[in-house]
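Student: I'd like to ask you about the structure that follows.
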């Protein structure tokens, strides 16, 4: 009750009231939660990946999309850059829990932590994040 104050008319003004009596509605609490370190799988199968490499930078956000009709893995999660270009997948060995979270409506995404070219393979390390 210590957060309640008396208004000019003698009534109580609640926590959501700002100066001048306007309603000040707090924004929902939102944060990004780190879940796991992994890499982007399948980059060697993405046409033009080496041309895309200069446009991928550390801390870039990567969007995840479920691909339950994937014939190789029903838990598949496609990874795309901010422009919607597919760069690969969450590795199959790592995707079971993330697929369940996404299927339950949670927003899972990635952030690039590093990248290196090894021959014709672009190795992209990422952090898997949960938007809460």
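What follows is calculated from the coordinates using simple rules that are stated; it is not laboratory data. Quantities reported herein were computed from a predicted structural model and do not represent experimental measurements. Here the Cβ positions follow ideal geometry from the backbone for every residue, glycine too, while neighbour counts run over all protein chains shown.
Student: Report the normalised scattering of the stretch 30-131 as log10 I(q)/I(0) at q = 0.15, 0.24, 0.25 Å⁻¹, calculated by the Debye formula with identical scatterers on the alpha carbons.
Tutor: The calculated log intensity ratios at q = 0.15, 0.24, 0.25 Å⁻¹ are -0.55, -1.39, -1.49.
Student: Return 109, 29, 34 ranked ascending by Cβ neighbour count within 10 Å, so the fewest neighbours appear first.
Tutor: Details: 109 16, 29 6, 34 10.
Listing 109, 29, 34 from fewest to most nearby Cβ atoms yields 29, 34, 109.
Student: Based on the Cβ-Cβ distance of residue 69 and residue 132, what FRET efficiency does E = 1/(1 + (r/R0)^6) give at R0 = 25 Å, to the nearest 0.05? Could the numbers behind the result be given before it?
Tutor: Details: r = 28 Å, r/R0 = 1.13.
Between residue 69 and residue 132 the formula returns 0.35.
Student: Could you list 126, 33 so that the one with the fewest beta carbons within 10 Å of its beta carbon is first and the one with the most is last?
Tutor: 33, 126
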